[in-house]
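Nothing in this text is a laboratory measurement; each read-out follows from the coordinates by a stated rule. This one's a predicted model, so the numbers in the text were calculated from it and none came from an experiment. We place every Cβ from the backbone using ideal geometry, glycine too, and count neighbours over all the protein chains shown.
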Amino acid sequence: MATTDFLVVGGGIVGISIARELRSRHPDLSVTVLEKEPACGRHASGRNSGVLHAGFYYTADSLKARFTRDGNLALRAYCERRGLPLNRCGKLVVARTSADHPQMDELLRRGAANGVELESITEAEARRIEPRVKTCERAIFSPHTATADPGAVLEAMREDAAREGIAFALADGFRRRRGDEIVTARGTWRAGYVVNAAGLQADRIARQYGFSEHYRILPFKGLYLYGAESAGPFRTNIYPVPDLRNPFLGVHFTVTVDGHAKIGPTAIPAFWREQYAGLAGFSLRDLVEIAGLQCGLLFSAGFEFRRLAFEELRKYDRRHLVSLAGELARDVHADDWRRWGRAGIRAQLLDVRTRKLEMDFVIEGDDRSMHVLNAVSPGWTCAIPFASYVVDAIAREASGRPSP
Ligand SMILES: Cc1cc2nc3c(=O)[nH]c(=O)nc-3n(C[C@H](O)[C@H](O)[C@H](O)COP(=O)(O)OP(=O)(O)OC[C@H]3O[C@@H](n4cnc5c(N)ncnc54)[C@H](O)[C@@H]3O)c2cc1C
């Protein structure tokens, strides 16, 4: 039987950041990352948009507001220190009609409350930043939004973690809890403390420890479309004003770290948790559970799931997806946007009591285990300060202190 003081399940950016934080606070204790895939970053952490968000979408009382601004600074500093490329391209939030203006004002208020620098600019000023942008009268510019390569960031963090003495057990997934032991694909572990950062599978692991009882993960697929860019490269990210009632930001243009634009990601309801393409990752258990949840939501959701699902499913149609992006910029033609990129899947938490999607990060745990649920966007940006928050919670639970 293998033993370790801390066993972190999941080698995504959240798991690795937590492992590094544990190691730096407890240099004399052993930390192991258990990862079911043969390499780290095969799921959300390696398949996201690579946007270092600035932190103005979230209300000031949320964990997302607390960690996005600091996470942006921390991840930028990490990329600079490690020599990883950063595209400091900023971001424009545009209004499709004047009906978007009140929501824009709300974003400006949230930015101010969260201490995030934003500029409220005119249509002409927006065009000086990005000549192809379309907006109704005004726009918001976020100078601190940037992009990086998520795969390169994760690999650098994994290397740092290994150098710091963290062990990686790859291709070895958590199967089940057996008392104080953990049965994995390759054997059995005994751990002093278990941290569950298993992304799309986190709720199931949490339930083995008596947590996540009223939560289920609903997968939403994010597709990307790359363009031929015959109209020239984009200079900045362009986002619509989002519907702040749901956690997704709407179809947008992201400028990758190497200067190429992509449209997306969508948030299409998926039928199994790792439904990236075709029948890959098919799970009958997922299908039965998720189809049941989705059917229930179609008729009685605490949010507008029916409208969301219908609008999102239409985005499988490439021309429709391009036409939505065409509301944000000029010279966007379906014939130029043909290449689908690697999809990512959001591990979105649903509260089955209220039938609402959870908007914020959720952690649950006790003096034996801690479970990270709903580490959805902008979890990549937030990972470094969020890891510190999780390790503070572990320290409190382990010493029996109440939460502040
Ligand atoms: C399409 C998309 C776009 C996004 N864009 C952005 C963005 O631009 N900016 C941003 O800040 N955030 C973005 N996000 C969110 C961000 O990617 C996530 O918040 C973040 O990657 C979550 O990291 P994680 O470590 O929790 O999850 P993951 O990266 O999914 O890692 C979980 C790991 O656990 C492993 N695992 C699962 N089950 C087991 C098991 N039983 N045993 C062992 N290991 C297991 C998995 O293999 C995986 O490696 C995006 C997400 C998606 C899907």
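Starting from the Kirkwood radius over alpha-carbon pairs of the chain, derive D by Stokes-Einstein at 20 °C in a medium of 1.002 mPa s and give it in µm² s⁻¹. Stokes-Einstein gives a translational diffusion coefficient of 98 µm²/s. Among the trypsin sites (Lys or Arg not before Pro) found in the range 1-110, those both in a DSSP coil and sparsely packed, with 15 or fewer other Cβ atoms within 10 Å of their Cβ, are 88, 96.
Can you pull the one-decimal nm distance between simple spin-label points at residue 59 and residue 181, each 7 Å off the Cα toward Cβ? Placing both labels 7 Å beyond Cα along the Cβ direction yields 4.7 nm. Applying both filters, DSSP loop and at most 14 other Cβ atoms within 10 Å, to the GluC sites (Glu not before Pro) of the range 193-274 gives 213, 229. Determine the alpha carbon to alpha carbon distance for each of 36/64; 262/315; 91/134; 36/91; 134/356 and list only those over 24 Å. Among 36/64; 262/315; 91/134; 36/91; 134/356, the Cα-Cα distance tops 24 Å for 36/64; 36/91; 134/356. In the range 41-153 the Cα-Cα distances spread across 10 Å bins starting at 0 as 14, 39, 34, 13, 0 percent of all pairs. The translational diffusion coefficient of the range 215-352, from Stokes-Einstein at 10 °C and 1.306 mPa s with a Kirkwood hydrodynamic radius over alpha carbon pairs, comes to 100 µm²/s.
For the range 215-352, the relative contact order comes to 39 percent (Cα pairs under 8 Å, sequence separation of at least 6). Axis angle, to the nearest 10 degrees, between helix 101-113 and the longest C-alpha principal axis of the chain: 40 degrees. Legend: calculated FRET efficiency, residue 84 to residue 136, from the Cβ-Cβ distance at R0 = 41 Å, rounded to 0.05, equals 0.65.
Here is the list for the range 201-295: trypsin sites (Lys or Arg not before Pro) lying in DSSP coil, each with at most 14 other C-beta atoms within 10 angstrom of its C-beta, are 245. Comparing 219, 385, 102 in a Gaussian network model of the chain (Cα springs below 10 Å), the most mobile by mean-square fluctuation is 102. Since only 282, 56, 393 are under comparison, the one whose Cα sits farthest along the positive direction of the charge dipole of the chain, derived from C-beta charges on Lys, Arg, Asp and Glu, is 282. Only Lys, Arg, Asp and Glu carry charge here, each on its Cβ (+1 for the first two, -1 for the last two); on that basis the chain has a dipole of about 620 debye about its Cα centre.
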